[in-house]
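Working notes for the structure below.
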Amino acid sequence: MKFPKKDLLGIALISFLSGGLLGASTDGYVFEKVKPIIKSALKGKLYKGPSKICELDTIWAQKIVNGGYILHLRHGMREKFSGSVTAYDAIELINEDDARNTDYYRAVCLTERGILDSKLIGKTFNLAGIKVSHVVSSPSCRARETAIFAFNRIDQVEPSILHRTAQMKSQYKSLGKKFRQVIDDIPLKKGSNIVISGHGGTLSYDLKYGSGGLIDRDETHEIDTRLETGIVVIERKDGKYIARHKFNSIKELSTNLLELPVENNGLDKFIFK
């Protein structure tokens, strides 16, 4: 059911006021929850709430099992070096460092949690039968390590996949163009997917600054607002790239593809006698 835009604006206003009135006693929780509704309403769209997102997660999880997509994967967890990580990323790339062997590795490489979560990606893909034909990675340590721990391979390393916040604004257009060219040159094989091991802050920046990056049309909500291990499903169609769906993290893929056993099936080995 579609509502007139003026009604949607009314819904947004009510949501905003509700969030404002209740936010003081809930540390802004309500306001954070209604922000997507407000944004969607102001654009004349109905917000796809949690139940709709869960339904789409199920549909798109199965689609990538069938293959034929480009999966933009945000790397696993790193330590939060606010304010300086972009400089370390630039130094790593310019010096062609293997950052894991440097004194600044904690800023740009995976944490122990990040390594475990990256391995989880690989286990989930294997158990779900998701095929990967090509892995292209950002040069940053955390992106490369995510690819290695998840898929045990990197077929290609490309500087243009690095998040834009580590780059000069004057380079956004040339790097966005190169990013697209790199993906254009990788063939999509039937029944399999291309994986980009990258960052938040690349797809959204290219869209924001109109720098001619990979995405021609974004059908997701806030494409780069996802947790570590989050995945954007991209379709290549008639020479265009459409961001079709976003998984917030690997958890959304796992809970929609991995069917758990109902019966004991040998779990008696854990009984203490």
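The values are calculated or read from the model by the stated rules, or taken from the named source; none is laboratory data. Here the structure is a predicted model, which is why all the values come from computation and not from measurement. FYI the Cβ positions are ideal-geometry reconstructions off the backbone, even for glycines, and counts take in every protein chain you see. Remember, those area values only see protein heavy atoms, side chains included, never the ligands or the DNA or RNA. Shrake-Rupley method; radii C 1.70, N 1.55, O 1.52, S 1.80 Å.
The sole residue among Ser197, Ser170, Ser204, Ser174 that is open to solvent by less than 10 Å² (accessible area, probe 1.4 Å) and either among the aliphatic types (A, V, I, L, M) or closer than 29 Å to Gly83 by Cα (or both) is Ser197.
Looking only at region 177-193, filter to residues that are of a type outside the set (Val, Ile, Thr) and under 24 Å from Val85 (Cβ atoms); which one of those is least open to solvent (accessible area, probe 1.4 Å)? Among residues in region 177-193 that are of a type outside the set (Val, Ile, Thr) and under 24 Å from Val85 (Cβ atoms), the one least open to solvent (accessible area, probe 1.4 Å) is Phe179.
Among the residues making up region 237-273, those that are modelled with pLDDT under 95 and either closer than 20 Å to His75 by Cα or part of a helix (DSSP H, G or I) (or both) are Leu267, Asp268, Lys269, Phe270.
Got at least one residue in region 119-128 being under 13 Å from Ile250 (Cα atoms) and basic (Lys, Arg)? Within region 119-128, one or more residues are under 13 Å from Ile250 (Cα atoms) and basic (Lys, Arg).
Glu228 falls short of the stated requirement of being surrounded by fewer than 17 Cβ atoms within 10 Å (Cβ to Cβ) and not in a helix (DSSP H, G or I). Kindly check whether there is at least one residue in region 143-159 that is more than 22 Å from Ile250 (Cα to Cα) and among the hydrophobic types (A, V, I, L, M, F, W, C). Scanning region 143-159 turns up at least one residue that is more than 22 Å from Ile250 (Cα to Cα) and among the hydrophobic types (A, V, I, L, M, F, W, C). Filtering region 35-81 to residues that are at pLDDT below 95 and on the phi > 0 side of the Ramachandran plot leaves only Gly44.
Checked against (1) at pLDDT 95 or above; (2) in contact with a Phe, Trp or Tyr (Cβ under 6 Å, 6 or more places away or on another chain); (3) open to solvent by 50 Å² or more (accessible area, probe 1.4 Å), Tyr209 passes all but condition (1).
Scan region 197-212 for residues that are under 25 Å from Arg153 (Cβ atoms) and part of a loop (DSSP other than H, G, I, E, B) and report the count. Matching residues across region 197-212 total 4. For the structure I just gave you, tell me whether Ser254 is closer than 20 Å to Gly114 by Cα, of a type in the set (Gly, Ala, Ser), touching a residue at least 40 places away in the same chain (Cβ under 8 Å) and out of contact with any strand residue (DSSP E or B) (no Cβ under 9 Å at 6 or more places or on another chain). Here the answer is yes, as Ser254 does meet what is asked.
A single member of Ile234, Ile215, Ile194 is assigned to a loop (DSSP other than H, G, I, E, B), touching a Phe, Trp or Tyr at 6+ places or on another chain (Cβ under 8 Å) and modelled with pLDDT of 95 or more, and it is Ile215.
Restricting region 231-273 to residues that are over 26 Å from Gly67 (Cα atoms) and among the acidic types (Asp, Glu), the residue that is surrounded by the fewest Cβ atoms within 10 Å (Cβ to Cβ) is Glu263.
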